[in-house]
Amino acid sequence: MHKPARLPASPRPQRRFARLAVVPVLAAAVLATVQVATASAAPASAWHVSSTISVGDVPNQFALSPDAAHLYVTAGDGIDIIDTATNTVIASAATATSVTGIAVAPTGDIYAVSSVGTVYVIDPQTNTVVDDIAVEPNSIGMTASGDAVYVASPTSGTISVIDTATNTVESTVPVGKNPVLATALDGTVYVTNAGSGTVTAIDSATDTVVATIPIGGIPVGIASAAGRVYAVEGTSQSVVVIDTATNTVIDTIAVGGGTLTGIAVTPDGSTVFVNQSDTDTTAIIDTADPSSRDTVPVGARPGGAIALPDNTTTYVTNGEGASVSVLTTTGQPCTAIACIPTGSFGG
């Protein structure tokens, strides 16, 4: 495509650590369908679907603007933009091909990847594509950390690192087999490797692997907050909990409910949301008591999930419903410095 003239890039600054985790998908066909018993006790804070937002076809993944005023969702041939104050679609950004993965840089620029191997850079002021970057075809998951965007490349088993100052791929980082989705927390990028049964931790200051964490099965969806990483493990239909201080597994939470896809966690780390695609529901888990959870009906084939900084609102994409479900609770809003938007997509 024709690109507008760009100003000469200034020397790259030292990496800024952004605590924004957004992202991101693996086809449900690769996930096992072993049934696991689910606890019935409901968490203290009751969640419910307060509204449903119509969006484009096959909505996939989410990302938030730095101020959380706008929610971006990949749908159809582009991105729909939701005003989080009114929960209405206020604009859209068209791309040449349909996109799945999405991330937002600290500057507010939007990055969305298509399966043909193109990352589109979208100006949030004009909602138009201003640049495009070639990456590996079949790339799906994305996340942003500091001044870089990380793109999972399943075919080669690598992560492509895009310098957002120059919009070029500055390096590739080998990870495990079939990396799918990514999240970022406190300067570390975590990637699920569906073909290796592992999660790779990458230091985003140096773009080097600092840990390979075995979790077994088929890890797909991933999210992070408050010193924890939560990874969906499709074979056992569970969520594996990783302590980011030690990069070790500290718990495994049985979820069940058929094929598990997207996952999100509230920024305070109190509540985890896991989409159950086969039953069109979202499981809601109280992290203080993982046996305490609820199940909320959403739309057809839920996929992506993301939580707002206030800890009282979470969004779920409904892939076959061309819609987004808005889950809300009457719980107390978040006031701590650790409150950050986080979420990812799977399935």
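The values are calculated or read from the model by the stated rules, or taken from the named source; none is laboratory data. The structure presented is a predicted model; accordingly, all values stated were derived computationally and were not measured. So basically every Cβ, Gly included, is an ideal-geometry build from the backbone, and we count neighbours across all protein chains shown.
A few points about this structure:
- Of the numbered criteria (1) assigned to a loop (DSSP other than H, G, I, E, B); (2) closer than 21 Å to Phe62 by Cβ; (3) at pLDDT 95 or above, the one Ile263 fails is (1).
- Hey, Arg301 at pLDDT 95 or above and either crowded, with 19+ Cβ neighbours inside 10 Å or acidic (Asp, Glu) (or both) or not: yes
- Residue identified as crowded, with 21+ Cβ neighbours inside 10 Å, in a strand (DSSP E or B) and of a type in the set (Val, Ile, Thr) among Val239, Val249: Val239
- Any chance Val199 is in contact with an Asp or Glu (Cβ under 9 Å, 6 or more places away or on another chain) and either buried (at least 24 other Cβ atoms within 10 Å of the Cβ) or at pLDDT below 95 (or both): no
- In the range 230-242, the residues that are farther than 14 Å from Ala194 by Cβ reach residues that are basic (Lys, Arg) and at pLDDT 95 or above with C-beta atoms within less than 9 angstrom, at least six apart or across chains, in these pairs: Val241/Arg228; Ile242/Arg228.
- The residue that is surrounded by the fewest Cβ atoms within 10 Å (Cβ to Cβ), among those in the range 80-105 that are of a type outside the set (A, V, I, L, M, F, W, C) and outside any strand (DSSP E or B), is Thr86.
- The single residue among Ala41, Ala5, Ala29, Ala9 that is modelled with pLDDT under 90 and not in a loop (DSSP other than H, G, I, E, B) turns out to be Ala29.
Residue-wise test of (1) among the acidic types (Asp, Glu); (2) under 23 Å from Thr261 (Cβ atoms).
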{"site": "Val99", "(1), (2)": "no, yes"}
{"site": "Gly108", "(1), (2)": "no, no"}
{"site": "Ile140", "(1), (2)": "no, yes"}
{"site": "Ser156", "(1), (2)": "no, no"}
{"site": "Ser160", "(1), (2)": "no, no"}
{"site": "Asp163", "(1), (2)": "yes, no"}
{"site": "Thr166", "(1), (2)": "no, no"}
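- In a residue-by-residue description of the range 220-236, the property of being closer than 15 Å to Val255 by Cβ and more than 17 Å from the chain's Cα centre (by Cα) applies to at least one position.
- Boolean, Thr266 is under 24 Å from Val151 (Cα atoms), crowded, with 24+ Cβ neighbours inside 10 Å, touching a helix residue (DSSP H, G or I) at 6+ places or on another chain (Cβ under 8 Å) and of a type in the set (Val, Ile, Thr): no
Conditions (1) farther than 12 Å from Val326 by Cβ; (2) polar (S, T, N, Q); (3) out of contact with any Pro (no Cβ under 6 Å at 6 or more places or on another chain); (4) at pLDDT below 95, marked per residue:
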residue: Ser65; (1), (2), (3), (4): yes, yes, yes, no
residue: Ala68; (1), (2), (3), (4): yes, no, no, no
residue: Thr86; (1), (2), (3), (4): no, yes, yes, no
residue: Ile90; (1), (2), (3), (4): yes, no, yes, no
residue: Thr97; (1), (2), (3), (4): yes, yes, yes, yes
residue: Val104; (1), (2), (3), (4): yes, no, yes, no
residue: Ala112; (1), (2), (3), (4): yes, no, yes, no
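- Some residue of the range 294-309 being more than 26 Å from Ala322 (Cβ to Cβ), touching a strand residue (DSSP E or B) at 6+ places or on another chain (Cβ under 7 Å) and in a loop (DSSP other than H, G, I, E, B): no
- Scanning the range 243-282 for residues that are small (Gly, Ala, Ser) and over 17 Å from the mean Cα position of the chain (by Cα) gives Ala245, Ala254, Gly256, Gly257, Gly258, Ser270.
- Any hit, the range 183-191, residues being on the phi < 0 side of the Ramachandran plot, part of a loop (DSSP other than H, G, I, E, B) and either surrounded by fewer than 24 Cβ atoms within 10 Å (Cβ to Cβ) or touching a Ser or Thr at 6+ places or on another chain (Cβ under 6 Å) (or both): no
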